[in-house]
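J.: Would you mind keeping the following structure in view while I ask a few things?
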Amino acid sequence: MARLLMKLHSKILPSCHIRVYSQLREWCTSPSQAAGEVRVRFAPSPTGHLHLGGLRTALYNFLFARSKNGKFILRIEDTDQTRVVPQATQMLETMLLWAKISPDESPTVGGPLGPYLQSQRLHIYHKYIGKLLENGSAYRCFCTNMRLNWLRNDATRRNETPKYDNKCRSLSFTKIQELQRQGVPYCIRLKLEKITEPFQDLIYGPFLYDVADHEGDPVIIKSDGYPTYHFANVIDDHLMGITHVLRGVEWQMSTPKHLLLYKAFGWTAPLFGHLPLILNKDGSKLSKRQGDLHIEYYQAQGYFPEAVLNFVTDIGGGFENREHSELLSVEELARKFDVSRLNKNSCRLDKCKLEQYNRLALTKCIKSPTELPLLITQLQNLVQNAFGKRLLSSAVQARVFSTDYLKTVLIMNEGRITHLQDLLKPEFTYVWIVPDHLPLDQLPAITHSHAEVLETVLEVLIATSDNFTKEHIVEAIKCVGKQYGLKIHVIMKLIRMTVSGLKEGPPVGEMLFMLGKDTTVERIKHALYILQN
């Protein structure tokens, strides 16, 4: 690839350089840029799962674009092919779609300024590197890996930060030609300049870092012909008309390098804003190895997209007078978003807030005429997978899987559950099947036999009118309690244990109403059979 670059550069005359550059610049300036349209991008590497930090970056870019009636672009930075994970690109788009922040332009959606995979844009980078070599902003570096390793080891030995000593920057034209004729491999480096003026970070304000004082000239084209992140990133952002860049604070120190590249090309740079670190609750750094931070994990565990998005924005800021107990839709988040209100300090994850937002999202779905049917279908599938083989009676199956029953279960347990899957936990088993074990040997001590009291309760409930409401159920049970001189909490505990197998749980009136009259009668008869045999 180095020889290919050498051949390309040696054949292009200076006038041709200017003509090609002008044509490309004219070609890449879209009407939207000319009109001042806001364009932002999320540019991950396809190296694995979408992480919570990556979702945060994508989300804030999406919200900024929507708040400005702009465009949100997904670009995949896959020039380091050794780290690419198969299918990761497709999974990234799938997760963005699940999170309801799908891009306007992407490898899948397409768009006017693609390709949106960097590995398909190598010919573009090769065209643009010639401009920097021609105007003296970049140079060929022939240093071997052995020499570079020696520089690193020597710096380490002297307790200094390793950096390239810019040796090849001073090579003569004759020497460069000689090395090229010999076929010596080379990379291409950018000439760093002293920086004395800060750039205005959209989040942190003025930021000054003289990169030339701390680092050696960086590689922008590797010896294999592939661009480095810094070079490809700047070329793509310019050609895709990116107007604002919101990314993690770990890239803040690299921004001066990128600004020097824009200056070398004579281009106007986008505005940069850097998002603060996300930390664990104990202050430690997040790790991509933490499985509970992958977006696929949240999806599999039954979290709602709105809950995850509100959780991310709750810790990151970006809104005025935000009510932290309020669940906002994606559209509402975009409408209220203000980049100037993003947090500057590191954000700590508090998973309790995520649980809170998921309860709000679940409640919102239960109350929504359009979302509730989808929720019922999901619950049907969950119950079928968990208890299907134990629902031996077709009549029982028909009742348990009926829309009316599932709707009642959801409404009655609103506020008690955080995830739909919570309804499969042991404390909710009674909702679907007769519990395997009824703790009849632990029933509360009473002066009359348990069977006698339960038979009376059964008679009263059977005789109850069709109006089988919580209020009627409670009144009927109270009457039985008075008849046998039992305190209300004692008889309620007796019925709860015989019907559900639980010593503690929801109010008995709610429990029996949810199960329905027929199921309640069946459960009490089942308990009586055990007691009497």
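J.: In the stretch 383-416, which residues are surrounded by 15 or more Cβ atoms within 10 Å (Cβ to Cβ) and either outside any helix (DSSP H, G or I) or under 25 Å from the mean Cα position of the chain (by Cα) (or both)?
T.: Leu391, Phe401, Asn413
J.: If you don't mind, there's one more thing I want to ask. Yes or no: Asn153 modelled with pLDDT of 95 or more and on the phi > 0 side of the Ramachandran plot?
T.: Considered against the rule, which asks whether it is modelled with pLDDT of 95 or more and on the phi > 0 side of the Ramachandran plot, Asn153 comes out as no.
J.: Here's a follow-up. Cβ-Cβ below 9 Å, separation at least six or inter-chain, first residue in the stretch 500-522 and on the phi > 0 side of the Ramachandran plot, second modelled with pLDDT under 90 and part of a helix (DSSP H, G or I): which pairs?
T.: Gly516/Arg399
J.: Turning to a different aspect of this structure: For the list (1) in a loop (DSSP other than H, G, I, E, B); (2) over 17 Å from Tyr229 (Cα atoms); (3) touching a residue at least 40 places away in the same chain (Cβ under 8 Å), I need the number of the one condition that Leu63 fails.
T.: (1)
J.: So in the stretch 341-361, with the set limited to residues that are assigned to a helix (DSSP H, G or I) and in contact with a Phe, Trp or Tyr (Cβ under 7 Å, 6 or more places away or on another chain), which one is farthest from Leu279 (Cα to Cα)?
T.: Looking at residues that are assigned to a helix (DSSP H, G or I) and in contact with a Phe, Trp or Tyr (Cβ under 7 Å, 6 or more places away or on another chain), I get Ala361.
J.: I've got another one for you. State yes or no: is Arg56 basic (Lys, Arg), part of a helix (DSSP H, G or I) and in contact with a strand residue (DSSP E or B) (Cβ under 7 Å, 6 or more places away or on another chain)?
T.: The answer is yes for Arg56.
J.: I would also like to ask the following. Report every pair of residues separated by at least 6 positions or lying on different chains whose Cβ atoms are under 8 Å apart, first residue within the stretch 458-486 and free of Cβ contacts under 8 Å to residues at least 24 places away in the same chain and within 20 Å of Lys525 (Cβ to Cβ), second among the small types (Gly, Ala, Ser) and surrounded by 12 or more Cβ atoms within 10 Å (Cβ to Cβ).
T.: Every condition considered, the pairs that remain are Val460/Ala476.
J.: Follow-up question, since we're still on this one. Against the condition part of a helix (DSSP H, G or I), under 29 Å from Ser223 (Cβ atoms) and at pLDDT below 95, how does Gln33 come out, does it pass?
T.: Considered against the rule, which asks whether it is part of a helix (DSSP H, G or I), under 29 Å from Ser223 (Cβ atoms) and at pLDDT below 95, Gln33 comes out as no.
J.: Okay, moving on. Which strands (runs of 3 or more DSSP E) sit wholly inside the stretch 204-293 and have at least 1 residues that are among the basic types (Lys, Arg) and in contact with a strand residue (DSSP E or B) (Cβ under 7 Å, 6 or more places away or on another chain)?
T.: The strands (runs of 3 or more DSSP E) meeting that bar are 244-248.
J.: Going by the conditions given, is Glu306 free of Cβ contacts under 8 Å to residues at least 12 places away in the same chain and of a type in the set (Asp, Glu)?
T.: For Glu306, the condition - free of Cβ contacts under 8 Å to residues at least 12 places away in the same chain and of a type in the set (Asp, Glu) - is not met.
J.: With the stretch 82-194 as the region, which helices (runs of 4 or more DSSP H) entirely inside it contain at least 3 residues that are in the same structural domain as Asp213 (by TED's automatic domain parsing) and over 40 Å from the mean Cα position of the chain (by Cα)?
T.: 122-135, 145-157, 173-181
J.: Something else now. Return yes when Gln177 is surrounded by fewer than 16 Cβ atoms within 10 Å (Cβ to Cβ), of a type in the set (S, T, N, Q) and at pLDDT 95 or above and no when it is not.
T.: It is true that Gln177 is surrounded by fewer than 16 Cβ atoms within 10 Å (Cβ to Cβ), of a type in the set (S, T, N, Q) and at pLDDT 95 or above.
J.: Moving to a separate point now. Of all residues in the stretch 417-434 being of a type in the set (S, T, N, Q) and within 25 Å of Tyr357 (Cβ to Cβ), which is surrounded by the fewest Cβ atoms within 10 Å (Cβ to Cβ)?
T.: So, considering only residues that are of a type in the set (S, T, N, Q) and within 25 Å of Tyr357 (Cβ to Cβ), the one surrounded by the fewest Cβ atoms within 10 Å (Cβ to Cβ) is Gln421.
J.: Might you check whether a residue that is surrounded by 17 or more Cβ atoms within 10 Å (Cβ to Cβ), touching a strand residue (DSSP E or B) at 6+ places or on another chain (Cβ under 7 Å) and of a type in the set (A, V, I, L, M) occurs anywhere in the stretch 313-323?
T.: yes
J.: If we scan the stretch 493-501, do we find a residue that is in the same structural domain as Ile524 (by TED's automatic domain parsing), in contact with a Pro (Cβ under 8 Å, 6 or more places away or on another chain), under 24 Å from Ile530 (Cα atoms) and in a loop (DSSP other than H, G, I, E, B)?
T.: yes
J.: Are there any pairs with C-beta distances below 9 angstrom linking a residue in the stretch 257-284 that is on the phi > 0 side of the Ramachandran plot to a residue that is assigned to a strand (DSSP E or B) and modelled with pLDDT under 95, with the two at least 6 apart or on different chains, and if so which?
T.: Hits for this filter: Gly283/Arg348.
Here is a yes/no grid of residues against (1) at pLDDT 95 or above; (2) surrounded by 18 or more Cβ atoms within 10 Å (Cβ to Cβ):
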| site | (1), (2) |
| --- | --- |
| Ser67 | yes, no |
| Phe72 | yes, yes |
| Asp78 | no, yes |
| Val84 | no, no |
| Lys100 | yes, no |
| Pro103 | yes, yes |
| Gly110 | yes, no |
| Arg121 | yes, yes |
| Tyr125 | yes, yes |
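J.: Looking only at the stretch 379-434, count how many residues are over 18 Å from Leu362 (Cα atoms) and of a type in the set (Val, Ile, Thr).
T.: Looking only at that region, the number is 6.
J.: Which residue out of Val521, Val453 is in contact with a Phe, Trp or Tyr (Cβ under 6 Å, 6 or more places away or on another chain) and surrounded by 14 or more Cβ atoms within 10 Å (Cβ to Cβ)?
T.: Testing whether each residue is in contact with a Phe, Trp or Tyr (Cβ under 6 Å, 6 or more places away or on another chain) and surrounded by 14 or more Cβ atoms within 10 Å (Cβ to Cβ) leaves just Val453.
The values are calculated or read from the model by the stated rules, or taken from the named source; none is laboratory data. Just so you know, these numbers come straight off a predicted model, no measurement behind them. Counting neighbours? That spans all protein chains shown, and the Cβs are built from the backbone with ideal geometry, glycine included.
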